[in-house]
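Novice: One structure, as structure tokens, below. Some questions next.
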Amino acid sequence: MDNLRGVAGLAALAMLAMTGLMHAGQIRDALEPAASTVRIASTQANDALRLAMGGQGGQKSAPVAEPDPQLAMTTDAAGRLRDKIPADLYPYFDVYLYVSKAAEGALAQHLYIFHKDAANNLVYEENFPVSTGRERHERYFTSTPVGLFELDPNRFETSHYSRTWHARMPWAMFLNATIHGKQTGVALHSSGNAHAVLLGNRASGGCVRLPPEKAAELFHRFQKEEQGMVPVFAYDSTHNRTSGDGLIVRDSSGNPVLAPGYRVLVFIEDYPGGPALVAVVA
């Protein structure tokens, strides 16, 4: 009986995952050139889906399942990425970072990591709390910019010192963008021990502060594994900044202009997260 309950629970979780993916539009249109489906993948979700399709004796179980908040949030973050990434950008990046700079909400002040697998599926890895800008007029306006960003291959610094804020920025990975007509000083970097307690809240001068161990881990991972040729983002003269919509520079033949960089795409937005999924019947 306990085994049956376990199988039923996993099947319900699978149907919840399938419902979430349907709600997110099956992560499809933006990635048509790759002729592949983008999905949220995790061991738990995949095992549950297999059980749901077969069940015990080939029959689907039919319990009422409680919503899985983590699955709902992951689905939501993946859906936001799907809606924002232009189709012609997807082939050039392996890792996708989703950051919500909202002050409150299910996704607020968190970074979600996804990567592409060998079949071009979007695979969820993990998420953790961050601190984005305070969004206040202070000595400078402490705002974190929104949009799609590449990482600057020439500005990966193990121990950057900010002259603006007179503070260290360990494991700094700067955004490769011009904002307000000048190179941005916004980076993903370690919160440092003093600011670690503020993670999960708006607390920075505009950067995205990460847990110290995650900042170091991603810094080394990207340098070791993700260097490659990536599209050059176009300049948006209307907003006096590098395009935040992923528009790219093309040559006279219409081909993307590529340059050495990191195959990591960052999406930052002020989005709190959608409503929680309701219970479903498998």
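The values are calculated or read from the model by the stated rules, or taken from the named source; none is laboratory data. Treat the numbers as computed from the prediction; the structure is a model and nothing was measured. FYI the Cβ positions are ideal-geometry reconstructions off the backbone, even for glycines, and counts take in every protein chain you see.
Novice: State which residue is farthest from GLY105 (Cα to Cα) when the search covers only segment 195-230 and only residues that are surrounded by 20 or more Cβ atoms within 10 Å (Cβ to Cβ) and among the small types (Gly, Ala, Ser).
Specialist: ALA215
Novice: Further question: All but one of (1) out of contact with any strand residue (DSSP E or B) (no Cβ under 8 Å at 6 or more places or on another chain); (2) among the polar types (S, T, N, Q); (3) within 18 Å of VAL99 (Cβ to Cβ) hold for THR144; which doesn't?
Specialist: (1)
Novice: Mind checking whether some residue in segment 148-160 is over 24 Å from GLN227 (Cα atoms) and of a type in the set (Asp, Glu)?
Specialist: There is no residue in segment 148-160 that is over 24 Å from GLN227 (Cα atoms) and of a type in the set (Asp, Glu).
Novice: Further question on the same structure: Taking the condition in a strand (DSSP E or B) and buried (at least 18 other Cβ atoms within 10 Å of the Cβ), does LEU148 pass?
Specialist: Judged against the criteria, LEU148 is a match.
Novice: Step by step: first the residues of segment 161-181, then only those that are of a type outside the set (A, V, I, L, M, F, W, C) and at pLDDT 95 or above, then the one that is surrounded by the most Cβ atoms within 10 Å (Cβ to Cβ). Which residue is that?
Specialist: Checking each candidate, the answer is ASN176.
Novice: A further question follows. Only residues that are under 22 Å from the mean Cα position of the chain (by Cα) and not in a strand (DSSP E or B): list them for segment 159-191, please. Don't jump to the end; show me each part of the working.
Specialist: Let us first name the residues in segment 159-191 that are under 22 Å from the mean Cα position of the chain (by Cα), namely 169-179, 184-191.
Selection gives ASN176, ALA177, THR184, GLY185, VAL186, SER191.
Novice: Can ALA203 be described as touching a residue at least 12 places away in the same chain (Cβ under 8 Å), hydrophobic (A, V, I, L, M, F, W, C) and farther than 15 Å from SER131 by Cα?
Specialist: no
Novice: Among ALA62, ALA48, which is the only one that is part of a loop (DSSP other than H, G, I, E, B), more than 30 Å from SER204 (Cβ to Cβ) and at pLDDT below 90?
Specialist: Working: ALA48 fails: part of a loop (DSSP other than H, G, I, E, B).
Every option except ALA62 fails the conditions.
Novice: Then there's this: Any idea which residue in segment 82-133 is surrounded by the fewest Cβ atoms within 10 Å (Cβ to Cβ), counting only those that are of a type in the set (Phe, Trp, Tyr) and part of a strand (DSSP E or B)?
Specialist: PHE128
Novice: Specify which of the listed residues (VAL197, VAL208, VAL232, VAL264) is in contact with an Asp or Glu (Cβ under 6 Å, 6 or more places away or on another chain) and hydrophobic (A, V, I, L, M, F, W, C).
Specialist: After ruling out the rest, the residue left standing is VAL264.
Novice: Quick one: which of PHE149, PHE174 is in contact (Cβ under 8 Å) with a residue 40 or more places away in the chain, closer than 26 Å to GLU104 by Cα and not small (Gly, Ala, Ser)? Talk me through it step by step, then tell me what you get.
Specialist: Values: PHE174 fails: in contact (Cβ under 8 Å) with a residue 40 or more places away in the chain.
Of the residues listed, the single one that is in contact (Cβ under 8 Å) with a residue 40 or more places away in the chain, closer than 26 Å to GLU104 by Cα and not small (Gly, Ala, Ser) is PHE149.
Novice: Is it the case, given these coordinates, that ASN154 is touching a residue at least 40 places away in the same chain (Cβ under 8 Å), out of contact with any Gly (no Cβ under 9 Å at 6 or more places or on another chain), of a type in the set (S, T, N, Q) and surrounded by fewer than 18 Cβ atoms within 10 Å (Cβ to Cβ)?
Specialist: No: the conditions fail for ASN154.
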